[in-house]
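> Next up is a structure, given as C-alpha cells.
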Amino acid sequence: MANPIYTALPTTIFTVMSGLAREHDAINLGQGFPDEPGPLAIRRHAAEAVLNGDNQYPPMAGLPELRQAAARHYGRLQNLDLDWKTEVTVTSGATEALACAFLGLIEPGDEVVIFAPAYDSYAPMIRRAGGVPVIVRLQPPHWRFTRVDLENAFTPRTRLVVLNSPMNPTATVCPDEDLTLLAQFCVRYDVTAICDDVWEHVTFAAAPFRPLMAVPGMRERTVKIGSAGKMFALTGWRIGFLIAAPALTDALAKAHQFLTFTTPPNLQSAVAWGLDNSAAWFSAMPADLAVSRDRLAGALTDEGFAVLPSQATYFLNVDLAASGVAEDDMAFCLRAVEETGVAAIPISAFYETDPVTSIIRLCFAKLDETLDEGARRLAQARDASPRR
C-alpha cells in the first residue's frame, strides 16, 4: 500500500514544467541547468579516473583527497578552519546532504523554521523525518525576514532552522545584518542552522556571500551544505558536501551511511582536482553568468517586463503584475509553455500556503540565442494574456 505521506504530495514543479517543455518543444528557461558543459579539464580528469583509477567502493565519508581539498577550498575562500577528518563528509548531491541533516538531527515533534519561498524538497523531507515545518513567509521585492518574523517563528520546540543563501528562487543573498539577527535567535534558543549554501559561488559583485557558519556563535551549531555541481556547472554529477563540527558530523554520517553510503569515486577525484586547480574558473564563471543575466534582463525590460534584481544563482524573477499581466503566475506559465513555447517556473510553487502569485522565475544560464528567443516568446505570452 502506498505511503500517504508521499501520495498526497504534488509532482515537483520542475518535473511538470520540464515535461511540458519537452512535450511542446519549448525553450526551457525553467529548470536550473546551464547550456555549457562545465570545465573541460575537470571532465577529462573524471574520464581518466574511470579508466585508470579505483572504481570500487570509496570510503563512506568520501575520498580523503576530496575532503582535504574541500577543507582547503573553504579555508581559502571563506576563511573557515576545517578539520577534514572530523568535519567534512561527501554526499551524493546536496539533496542527500539535506536528507542526512534532517534524518540525523530531527526528533519527532521538533519544529524546523524554513523561509518561503522555499526549495520544494525541504518541507516534505522535514515531515518524513518527524519534524514540523514552521514557515516564515517572505515577500518581494527584497525577500527579507525581520526580528518580528523570527520572534513569531522560534519557540522552545524549535530544533533547526534552514537557511538557503544565496536563495533559490529569489536570487538574493542574505545580508550581514540578517545573518547576525538569525544567529542571535539560534544562540538564544539553542538551535542548529542547516545552511543550504549550494549557490555560494554563483554570486555577483554587488552581493558578496558570507556563510552563517562564520558568524560569531555559529561555528559549532551550523551544518553547511555545498554542491560541486553548482560550483562547476556540472549539475548531473551529484557531489555534495556536509560541513559541520565533529559532534554534528557524527550524527550526519550515521544517516549518510544508510542512504547512499558512497558516491562515485571518479567524480570525487575530479572534483578534488578541480577545487585545487580552478581559481580562474571561480573568477570567470560568475562574471560570465552576470553577462547572461544582464542580457536576459535587458531583453525582458525592452519587451516591457518588470524585472527584479538578481544578486546570485542562475535565476532572475519577473513581476507579472507590474508588467501589466492580470493572470496569476501558474496560469501564465502553463499558457506560455503551451501557446508560445517557453517554460518558466511560477514562484507560487515554492509556498505551501498563502503564496505570492505574481512572480515567475527564469534561468539565464543559457546560450545568447536561447535567451533572446525566450524573451521574445515571453512577450508573446504577455501580449496574449489578460491585461491589467
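FYI, it's all coordinate maths here, none of it is from the lab. Just so it is clear, the model here is predicted, and its values are computed rather than measured. We place every Cβ from the backbone using ideal geometry, glycine too, and count neighbours over all the protein chains shown.
> Please give the helix 40-52 orientation as an angle from the longest Cα principal axis of the chain, in degrees from 0 to 90, rounded to the nearest 10.
On a 0 to 90 degree scale, this one is about 50.
> Where does the chain land at 222 nm, in deg cm²/dmol rounded to the nearest 500, when only DSSP H runs of n ≥ 4 count, each adding -39500 (n - 2.57), divided by all residues? Intermediate results must be reported in sequence, preceding the final value.
Values: 15 runs with 161 residues, N = 388.
Only helices count here, giving -12500 deg cm²/dmol.
> Here's something else I'd like to know. Mind scanning Lys230/Lys366; Lys85/Lys230; Lys224/Lys366 and naming the pairs with a C-alpha gap bigger than 18 Å? Spell out each step's value before the answer.
Working: Lys230/Lys366 15 Å; Lys85/Lys230 24 Å; Lys224/Lys366 28 Å.
Pairs exceeding 18 Å: Lys85/Lys230; Lys224/Lys366.
> Moving to a separate point now. Let me check against my output: what whole-number percent is the relative contact order of the chain, with C-alpha pairs under 8 Å and at least 6 apart? Write down the numbers at each step before the final one.
Numbers: 760 pairs, mean separation 92.4, N = 388.
Normalised by residue count, the contact order of the chain is 24 percent.
> Could you give the distance between the Cα centres of segment 265-319 and segment 366-388, to the whole Å?
A separation of 20 Å, based on Cα centres.
> OK, next. What size of dipole, in debye to the nearest 20, comes out for segment 195-333 about its Cα centre when the only charges are +1 on Lys and Arg C-beta atoms and -1 on Asp and Glu C-beta atoms? List each step's numbers first, then the result.
Details: 9 positive and 14 negative charges, 142 e Å.
In debye, rounded to 20, segment 195-333 gives about 680.
> Once amide H atoms are placed 1.01 Å from N in the peptide plane, what residues at a sequence separation of 5 or more from Leu29, or on another chain, have their amide H within under 5 Å of its amide H?
Amide H neighbours of Leu29: Ala343.
> Oh, and also: Angle, helix 279-302 long axis vs. longest principal axis of the chain, Cα atoms, 0 to 90°, nearest 10?
Helix 279-302 sits roughly 20 degrees off the main axis of the chain.
> Find which of Leu334, Ala322, Gly236 sits farthest along the positive direction of the dipole of the chain, computed with +1 on the beta-carbon of Lys and Arg, -1 on that of Asp and Glu, about the Cα centre.
Value computed over the given set: Gly236.
> Over the chain, what is the percentage of antiparallel beta bridges among all DSSP beta bridges, to the nearest 5? Present the calculation step by step, with values, prior to reporting the outcome.
Values: 21 of 42 bridges.
Of those bridges, close to 50 percent are antiparallel.
> Is the shape of segment 323-388 rounded, prolate or oblate, going by the alpha carbon gyration tensor and its root eigenvalues a ≥ b ≥ c, with a/c under 1.5 for rounded and a/b larger than b/c for prolate? Write down the numbers at each step before the final one.
Details: a/c = 2.23, a/b = 1.33, b/c = 1.68.
Oblate is the answer for segment 323-388, as a/c is 1.5 or above yet b/c matches or exceeds a/b.
> Trypsin sites (Lys or Arg not before Pro) within segment 115-173: which are DSSP loop residues with at most 13 other Cβ atoms inside 10 Å?
Details: sites: Arg127, Arg128, Arg137, Arg144, Arg147, Arg157, Arg159; in loops: Arg144, Arg157.
Qualifying residues, ordered by number: Arg157.
> For the chain, taking Cα atoms only, what is the radius of gyration to one decimal and the Dmax to the nearest whole Å?
20.7, 62
> Got a sec? Charge dipole of the chain, +1 on Cβ for Lys and Arg, -1 for Asp and Glu; which of Thr262, Pro37, Ala247 is way out at the positive end?
Highest projection toward the positive end goes to Ala247.
> Between Arg72 and Ala284, what is 0.36 nm times their sequence separation minus the Cα-Cα distance? Round to one decimal in nm.
Values: separation 212, 0.36 × 212 = 76.32 nm, distance 2.02 nm.
Fully extending the segment from Arg72 to Ala284 adds 74.3 nm.
> Rounded to the nearest 10 degrees, what's the angle between the helix 246-256 long axis and the longest principal axis of the chain, both from Cα atoms, 0 to 90?
Computed tilt is about 70 degrees.
> Moving on to the next point. Give, rounded to the nearest 20 debye, the magnitude of the charge dipole that segment 137-196 has about its Cα centre when Lys and Arg contribute +1 at Cβ and Asp and Glu contribute -1 at Cβ. Could the numbers behind the result be given before it?
Working: 6 positive and 7 negative charges, 45 e Å.
The dipole magnitude comes to about 220 debye.
> Continuing with this model, one more query. Amide H of Leu308: which non-local residues (sequence gap of 5 or more, or other chain) have their own amide H closer than 5 Å, using H built in the peptide plane?
HN-HN under 5 Å from Leu308: Asn317, Val318, Asp319.
> Here is a follow-up. When the Karplus curve 6.51 cos²θ - 1.76 cosθ + 1.60 is applied with θ = phi - 60°, which whole-Hz ³J(HN,Hα) does each residue of segment 326-343 get, with x for Gly and Pro?
8, 7, 7, 5, 5, 4, 5, 5, 5, 5, 5, 6, 7, 9, 10, x, 9, 9
> Hey, got the dipole for the chain? About the Cα centre, +1 on K and R Cβ, -1 on D and E Cβ, debye to the nearest 20?
Working: 32 positive and 44 negative charges, 110 e Å.
I would put it at about 540 debye.
> What list do you get for Met231, Met285 if you sort them by fewest beta carbons within 10 Å? Walk me through the intermediate numbers first.
Values: Met231 26, Met285 21.
In order of increasing Cβ crowding within 10 Å: Met285, Met231.
> Charges on Cβ only, +1 for Lys and Arg, -1 for Asp and Glu, centred on the Cα centroid of the chain; of Val271, Thr301, Leu63, which one is farthest towards the dipole's positive end?
Ranked along the dipole, the leading option is Leu63.
> Compute the distance from the alpha-carbon center of segment 158-215 to that of segment 216-252, in whole Å.
Result: 13 Å between the Cα centres.
> Moving on to the next point. Applying the Karplus parametrisation 6.51 cos²θ - 1.76 cosθ + 1.60 with θ = phi - 60° to the phi angles of segment 67-82, what ³J(HN,Hα) value in whole Hz is obtained for each residue in order, glycine and proline being reported as x?
5, 5, 5, 5, 4, 4, 4, 6, x, 5, 8, 10, 6, 9, 8, 10
> Classify segment 207-271: rounded, prolate or oblate, from the alpha-carbon gyration tensor (a ≥ b ≥ c, eigenvalue square roots; a/c under 1.5 rounded; otherwise prolate if a/b is larger than b/c)? Write down the numbers at each step before the final one.
Working: a/c = 3.06, a/b = 1.22, b/c = 2.50.
The shape class here is oblate.
> If you don't mind, there's one more thing I want to ask. What are the residues whose amide H is under 5 Å from the amide H of Gly93, where those residues sit 5 or more places off or on another chain and H is modelled from the backbone?
Correct list: Ile239, Gly240.
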